[in-house]
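Each remark here refers to the structure printed beneath this line.
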Amino acid sequence: MRNYWKSFIRLSESIGTRFYFGKLGARMKIVASYIRYYHSKSMLKKGDYRIYIAGLPKSGTTWLESILAYYLDTPSVLPPEITRFEMKMGESHNFVPKSDIFRDLGGYNCIIKTHAKKSDNLLNLLVRHDFSVILLTREINEVLESHIHYASNTKHHPDYPLLKPLDINTANEVIKMKYSDELCSWVDDWKKEGVFHLTYDELLNNTSEVLRQILQKCNVPVSESRLQKALEHNSIERMRDSAVNKTFFRGSRA
């Protein structure tokens, strides 16, 4: 990808945290999502390992996504339809695919991470394209705390006007009342499908063993040397430093 396209994506993804351009910003984010998607797609390699990570924002999904993408030597991809939905609705955890969002990915190794809820449409697509599904969860209160931090500092977020004038205690009460039951149902609905489930604490405290379990569950051969390189390159400390220094935020990244 040419440098100016990379610059355009970085600028587009910084909108909402450092800059606010209203509807123009949303359009730029959507355009950037298509550019990123087709660039990532062009780098995919033929193979049978397709992994789908389901998780709420700030649940460790980006960390897991990065480790698995490094291990499989493949870029992660995000169907642009999800970004379009997020820009329209202000959230992505209620996304339900209306078309085959995985239509271009058959026959390739790929990692997809989204915050989309369990739906019959999504499940049918995951089965059709032979994805292994990993559910990664975190304590709901911790998810809500992270939501408050992000939404209260992101002008384009629908909750920004609600949270900005509130002190932290009031904000916690308001957001818990608004989202707690919905997000608990989100987790429970995925659990009912019997997918491979792990928690953020399990991933954090026993990373190597959890990754071995994931690879085995997804029928991916385990190479200890490759796994250690993936963990070293994507250590939680390095990921945290990257998040602090990052000049953008993609709503589906956690």
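Rundown of residues vs (1) at pLDDT 95 or above; (2) closer than 19 Å to Ser59 by Cα; (3) under 20 Å from the mean Cα position of the chain (by Cα); (4) not β-branched (Val, Ile, Thr), yes/no style:
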site	(1), (2), (3), (4)
Asp188	yes, yes, yes, yes
Gln213	yes, yes, no, yes
Gln216	yes, no, no, yes
Lys246	no, yes, yes, yes
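Applying a threshold of 8 Å to beta carbon distances and a minimum spacing of six or more residues, or different chains, the list of pairs starting in the stretch 94-110 at a residue that is free of Cβ contacts under 8 Å to residues at least 60 places away in the same chain and ending at one that is outside any loop (DSSP other than H, G, I, E, B) and among the polar types (S, T, N, Q) reads Phe95/Thr114; Val96/Asn121; Pro97/Asn121; Lys98/Asn121.
Applying the set (1) in contact with a Pro (Cβ under 8 Å, 6 or more places away or on another chain); (2) under 27 Å from Glu224 (Cβ atoms); (3) part of a helix (DSSP H, G or I); (4) of a type outside the set (Val, Ile, Thr) to Glu65 leaves exactly one unmet item: (1). Within the stretch 83-120, if we keep just the residues that are of a type in the set (A, V, I, L, M) and at pLDDT below 95, the residue that is nearest to Trp186 (Cα to Cα) turns out to be Met89. Among the helices (runs of 4 or more DSSP H) confined to the stretch 168-241, the ones with at least 1 residues that are under 25 Å from Lys118 (Cα atoms) are located at 168-191, 200-205, 207-217. Listed by first and then second residue, the pairs with beta-carbon distance under 7 Å, at least 6 apart or on different chains, first residue in the stretch 218-231 and free of Cβ contacts under 8 Å to residues at least 24 places away in the same chain, second part of a helix (DSSP H, G or I) and surrounded by 18 or more Cβ atoms within 10 Å (Cβ to Cβ), are Val222/Leu215.
Within the stretch 111-149, the set of residues being outside any strand (DSSP E or B), in contact (Cβ under 8 Å) with a residue 12 or more places away in the chain and either in contact with a Gly (Cβ under 9 Å, 6 or more places away or on another chain) or of a type in the set (S, T, N, Q) (or both) comprises His115, Ser119, Asn121, Arg128, His129, Asp130, Arg138, Asn141, Ser146. A residue that is hydroxyl-bearing (Ser, Thr, Tyr), loosely packed, with under 14 Cβ neighbours inside 10 Å and under 30 Å from Gly107 (Cβ atoms) occurs nowhere in the stretch 180-195. Select from the stretch 118-143 the residues that are closer than 19 Å to Met89 by Cβ and crowded, with 20+ Cβ neighbours inside 10 Å and list them in ascending order. Result: Lys118, Leu122, Val143.
Consider Thr74 carefully, then state whether it is part of a helix (DSSP H, G or I) and polar (S, T, N, Q). For Thr74, the condition - part of a helix (DSSP H, G or I) and polar (S, T, N, Q) - is not met.
The values are calculated or read from the model by the stated rules, or taken from the named source; none is laboratory data. Only a predicted model underlies this, so the values are computations on that prediction, with no experimental measurement involved. With ideal geometry, Cβ positions are generated from the backbone for all residues, glycine too; neighbour counts draw on all protein chains shown.
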